[in-house]
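Colleague: Please find one structure pasted underneath; my questions will follow.
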Amino acid sequence: MISSLEGKVARDIWEKNESKSLPRELWLRAKALMTIMHSTTTIDDLLIQSQSPNIRLHKLKGDRKDYWSVTIRLPWCITFKFKSGEFTEVKIEYYHGG
């Protein structure tokens, strides 16, 4: 379940199904991934439900080692923390790190 959102892009997609920053052709996929996250309680469920097309689920490194990422379409990603069945600090960002 998504328990907290970070940033305007994630809030706009979640609440309004649109964003001025995220390209229009990515709105539906971003909302679909967030909807799966909201109805899921494990990372494995997210991977299985979204396997195709590849979402590149992976743990981030370095100063963001507590975060995970799924790909909307490179370089746009949804980053988040996951603990005890909750997705927190869910953010849509233009991200190319690892």
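The values are calculated or read from the model by the stated rules, or taken from the named source; none is laboratory data. Just so you know, these numbers come straight off a predicted model, no measurement behind them. Every residue, glycine among them, receives a Cβ derived from its backbone with ideal geometry; neighbour counts consider all protein chains shown.
Colleague: Have a look at Ile36, Ile55 and point out the one that is part of a loop (DSSP other than H, G, I, E, B) and among the aliphatic types (A, V, I, L, M).
Modeller: Ile55
Colleague: Another question about this same structure. Among (1) out of contact with any helix residue (DSSP H, G or I) (no Cβ under 8 Å at 6 or more places or on another chain); (2) at pLDDT below 95, where does Tyr67 come up short?
Modeller: Every condition holds for Tyr67 apart from (2).
Colleague: Checking the structure you have, find out if any residue of segment 68-76 is in a helix (DSSP H, G or I), surrounded by fewer than 19 Cβ atoms within 10 Å (Cβ to Cβ) and touching a strand residue (DSSP E or B) at 6+ places or on another chain (Cβ under 9 Å).
Modeller: No; the residues of segment 68-76 include none that is in a helix (DSSP H, G or I), surrounded by fewer than 19 Cβ atoms within 10 Å (Cβ to Cβ) and touching a strand residue (DSSP E or B) at 6+ places or on another chain (Cβ under 9 Å).
Colleague: Please name all residue pairs, on different chains or six or more residues apart, with Cβ atoms under 7 Å, provided the first residue is in segment 17-29 and is among the polar types (S, T, N, Q) and the second residue is surrounded by 11 or more Cβ atoms within 10 Å (Cβ to Cβ).
Modeller: Sorted first by the residue in segment 17-29, then by its partner, the pairs are Asn17/Trp27; Asn17/Lys31; Ser19/Val9; Ser19/Asp12; Ser19/Ile13; Ser19/Trp27; Ser21/Val9.
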